[in-house]
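Heads up: the structure comes next, in structure tokens.
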Amino acid sequence: MSLAAKNFPANARAALGDTQLQEALERLRGGFVEGRRQVVAKLPEFDALRDRAAEIRRHTIAHLDQYLVQFEERATAAGGIVHWCRDAAEARAQILEICQAADARLVTKGKSMIGEEIEINDYLEAHNIEPVETDLGEYIIQLRRELPSHIIAPATHLSKEQVAESFQEHHTGLDAARPLAEPEALLAEARTRLRQKFLAADVGITGANFLIAETGTSVIVTNEGNGDLTQTLPRVHIVIASLEKVVPSLDDAATLLRVLARSATGQEISAYTTFSTGPKRGPDLDGPDAYHVILLDNGRTDILAGDNAEILGCIRCGACLNHCPVYGAIGGHAYGSVYPGPMGSVLTPALNGLPGAHHLPQASSLCGRCEEVCPVRLPLPKMLRNLRFQAAETGAPGGFARLLVKLWAFAARRPWLYRFGAGISLAWLSARGRKDGYLRSIPGLRAWTSRRDFPAPEGRTFMHQWKSGRRS
Amino acid sequence: MSRDHILARMVAALDATGSSIAERQAGVAKRRGAPPTPIIPVRAPADKHGRADYFCARAGETSATTDRIAGFADLPGAIAAYLGKYDRGGAIKAQPRAAFTDLDWAPLRIAFGPADDTDGIGLVLADGAAAETGTLLMMSGAEAPTALNFLPETLIAVLPLARLAGDYEGAWSILRGAGGNEFPSRTVNWISGPSRSADIEQRVLMGVHGPRNLHIILVDGDGV
């Protein structure tokens, strides 16, 4: 996974000034956030289901070795082939080997974050195999050669005009004057285009929302049905999944499905949930001849051994992105990783190492909304704090920020100095804001005051008031 | 070998949390022997017709349309009426099963077998359903090509009421008890409404890759 997370501050500044992006982020709040609120209100059992979902994920991660071996055994018994891959390079090589053995020229893909993580498309292209994303959003960003900006709505940062431009540019051989102003027209064109790819593909690659240990089954959830055409029509189906995707049983999957779509898109359930077990069987009328599952580590066993192992419970619904004030202000690309938002700010440093990603755990106000809406109750603020501690220990952030914290710590350990410093600062600020009780600017804090006024303090410290007997 | 390498790292990480392999094996066996009772939303009424009404209401919210008939003999007429109402003409491609092949379809044009790209209208029999979200369950098999659920622009699904459960767990039980097919089949499709996408400006549009229209016909008598 290539990483531009080190540019986070500059990216975030650019995103705040991007009016088109800001409009797109506004739509996200109206769509997913309001949708979730409505379906949750219709399900009194929602919180009990989240408790159970959290228990399922905790139990599975605590028994991960057992469930993965069980999954492998059942999937193999059903005729599937399971490949364990240590890192992205191994996974790419394995996928290429399967594609080449099948003489593949064209590969269709269902949406997969693991596919993004291991950058499989570039690799296949470099080996003369054409990969085609079939989720509409993924297809659009593939044409534009962009990273997804959201884990479940990859093209959410784009306007319909930008999509139309991309279609004009890439769908050659069509009338350039054709009307593409409306989303319906864009959708119809993509449908026609991708239908041909579905029918011609040699190999279909999908991700997995879950792997089910008791039956050796992989599960995908889509609204478009693209994942199903991807995995049903070609001769070979490859599932790419990271280790933590496993769950014990079909009933456990049902529980997780009850919280997944509600948390993600605000639907009661997605249009298509598909359970696949092995390749086509003798009398079946269709389906792939071969079924492969890539089990990818790529840092997961390190995470399992670390302080933030709980992040492995994440089911990638995107609720923490949708409800995060920071994500809502800057969108996904600013994070410089395929996993943005709160879950991404925990996962990216865990997968890629903290150096280079040390800005990400700082990109949170720790307001706690992510934990409030998480369907598996991940303690995201706690994990972000863990990473901040680690970053401080390893020297990041550096320079000025460290100096300020050191100064503050020096004073905080000397109450007389702290009170003295607080006293003069307050007196000065209160004098500045005497006119109407608000500060229009504070030297050194222009980044804050350029967009908002700061309420001026009343002039005396809490300690001073306490001593003078004002206690209410 | 990568498998052993990854498993060894996993075992080491889990051992470091204070659990042993033996304890983890016991933990898995214990949960399998006595799985937690599922938390099932209290939703659909228990009686057959109340449950069917609930199913239709939820399916309607997913933009599916529904109809109810008394028995399989009424199916060709109900389908002709549906296609006429929305002016959806053309031939039907149906699953090659006796429940369909035994019926008299004239004047409708119908063929039986796997799907191809030219099929405009698909006809399938649901193996189970869950009223809680208006969801159909379809197993793949010798009489049920999976692609038929996805390629046609209009999909008509027939659901015998005896196969309608209140919830997902109940629907799994119906599939397990269906006999004939090994469970789970290569593919089990849960279908809740037509194909949709909101990837362009969060506007929900139907029929992006799969069916644009999903019509579900509930059959009162079992008859299958």
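Would you work out the relative contact order for chain B, in percent, from Cα pairs under 8 angstrom that are 6 or more residues apart?
Relative contact order of chain B: 23 percent.
Using a 1.4 Å probe and counting only protein heavy atoms, arrange A:198, A:420, A:454 so the residue with the most accessible area comes first.
Result, largest first: A:420, A:454, A:198.
Going by alpha carbons, how many degrees (0 to 90, nearest 10) lie between the helix axis of B:21-33 and the longest principal axis of chain B?
Long axis of B:21-33 versus the principal axis of chain B: about 30 degrees.
For residue A:174 and residue A:446, FRET efficiency with R0 = 51 Å and r from the beta-carbon atoms, rounded to 0.05?
0.50
Roughly how much of residue A:333 is accessible, in Å² to the nearest 10, using a 1.4 Å probe?
In the full protein context, residue A:333 sits at about 70 Å².
Name the most mobile residue of B:110, B:21, B:121, meaning the one with the largest mean-square fluctuation, in a Gaussian network model of chain B with Cα contacts below 10 Å.
Comparing B:110, B:21, B:121 in the GNM, the peak value goes to B:21.
For chain B, divide the Cα radius of gyration by the Kirkwood radius and give the resulting Rg/Rh value with two decimals.
We get a ratio of 1.09 for chain B.
Any of A:111/A:382; A:160/A:245; A:160/B:93; A:197/B:93; A:245/B:48; A:245/A:406 with alpha carbons more than 32 Å apart? Name them for me.
Checking Cα-Cα distances, A:160/A:245; A:160/B:93; A:245/B:48; A:245/A:406 exceed 32 Å.
For chain B, modelled as a GNM with alpha-carbon contacts under 10 angstrom, which of B:185, B:20, B:197 fluctuates the most?
Of B:185, B:20, B:197, the most mobile in the Gaussian network model is B:20.
How many square angstrom of accessible surface are buried between B and A, both sides summed, with a 1.4 Å probe and rounding to 100?
Chains B and A together bury approximately 7400 Å².
Would you give the gap between the C-alpha center of the range A:305-377 and the C-alpha center of the range A:16-51, rounded to a whole Å?
17
Give the distance, in whole Å, between the Cα centre of the range B:6-60 and the Cα centre of the range A:402-420.
So the two Cα centres are separated by 51 Å.
Determine the sum of side-chain charges near residue A:322: Lys and Arg each +1, Asp and Glu each -1, restricted to other residues whose C-beta is under 9 angstrom from that of residue A:322.
Around residue A:322, the charge tally is +2.
What ranking of B:1, A:113, B:10 comes out by heavy-atom accessible area, probe 1.4 Å, highest first?
Heavy-atom accessible area, descending, gives B:1, A:113, B:10.
GNM on chain B, C-alpha springs below 10 Å: top fluctuator among B:175, B:205, B:159?
Highest fluctuation among the options: B:205.
Per DSSP H run of at least 4 residues, take -39500 (n - 2.57); add these up for chain A, divide by its residues and hand me the 222 nm value, nearest 500 deg cm²/dmol.
-14500 deg cm²/dmol
Got a number for the accessible area of residue A:84? Probe 1.4 Å, square angstrom, nearest 10.
Its accessible surface works out to 20 Å², give or take rounding.
Kindly report, to the nearest 10 Å², the accessible surface of residue B:19 as traced by a 1.4 Å probe over protein heavy atoms only.
Roughly 30 Å² of residue B:19 is accessible to a 1.4 Å probe.
Can you pull the mean other chain C-beta count within 10 Å for peptide A:251-258?
What the average comes to for A:251-258 is 5.
If A:127, B:209 are ordered by their accessible area, calculated over protein heavy atoms with a 1.4 Å probe, which sequence runs from highest to lowest?
A:127, B:209
Can you give the angle from 0 to 90° between the axis of helix B:2-15 and the longest principal axis of chain B, with both taken from C-alpha atoms, to the nearest 10?
60
Net charge within 10 Å of residue B:114 by Cβ-Cβ distance, Lys/Arg positive one each and Asp/Glu negative one each, not counting residue B:114 itself?
It works out to a net charge of -3.
To check you understand DSSP bridge types, tell me what percent of the beta bridges within chain A (both residues inside) are antiparallel, rounded to 5.
Around 30 percent antiparallel, to the nearest 5.
What aspartates and glutamates could a cross-link reach from residue A:435, if we take a straight Cα to Cα line under 14 Å and drop same-chain neighbours fewer than 8 places away?
In chain and number order, the partners are A:453, A:458.
All other residues with a Cβ under 9 Å from the Cβ of residue B:5 taken together, and with Lys, Arg as +1 and Asp, Glu as -1, what is their net charge?
+1
What's the average, rounded to a whole number, of partner chain beta-carbon atoms within 10 Å of each residue's beta-carbon in B:132-141?
4
Just the isolated ones, please: cysteines in chain A lacking another cysteine beta carbon under 4.7 angstrom.
So far as the 4.7 Å Cβ criterion goes, A:85, A:99, A:314, A:317, A:324, A:367, A:374 stand without a partner in chain A.
Among A:220-231, A:378-389, A:22-33, how do they line up from the highest to the lowest mean number of other beta-carbon atoms within 10 Å?
A:220-231, A:378-389, A:22-33
For residue B:85, give me every one of the aspartates and glutamates with a C-alpha distance below 19 angstrom, ignoring sequence neighbours fewer than eight places off in its own chain.
Counting by Cα, and skipping residues close in sequence, residue B:85 has these aspartates and glutamates nearby: B:67, B:74, B:153.
Taking a temperature of 25 °C and a viscosity of 0.890 mPa s, what whole-number D in µm²/s does Stokes-Einstein yield for chain A with Rh from Kirkwood over alpha carbon pairs?
Calculated translational D: 100 µm²/s.
Share of the range A:43-298's accessible area from carbon and sulfur, percent, 1.4 Å?
Within the range A:43-298, the accessible surface is 50 percent carbon and sulfur.
The values are calculated or read from the model by the stated rules, or taken from the named source; none is laboratory data. It should be emphasised that the depicted structure is a prediction, and the values quoted were computed from it without experimental measurement. Virtual Cβ from ideal backbone geometry, glycine too; neighbours counted across all protein chains shown. In case anyone asks, the SASA skips ligands and DNA or RNA and just uses the protein heavy atoms, side chains included. Shrake-Rupley method; radii C 1.70, N 1.55, O 1.52, S 1.80 Å.
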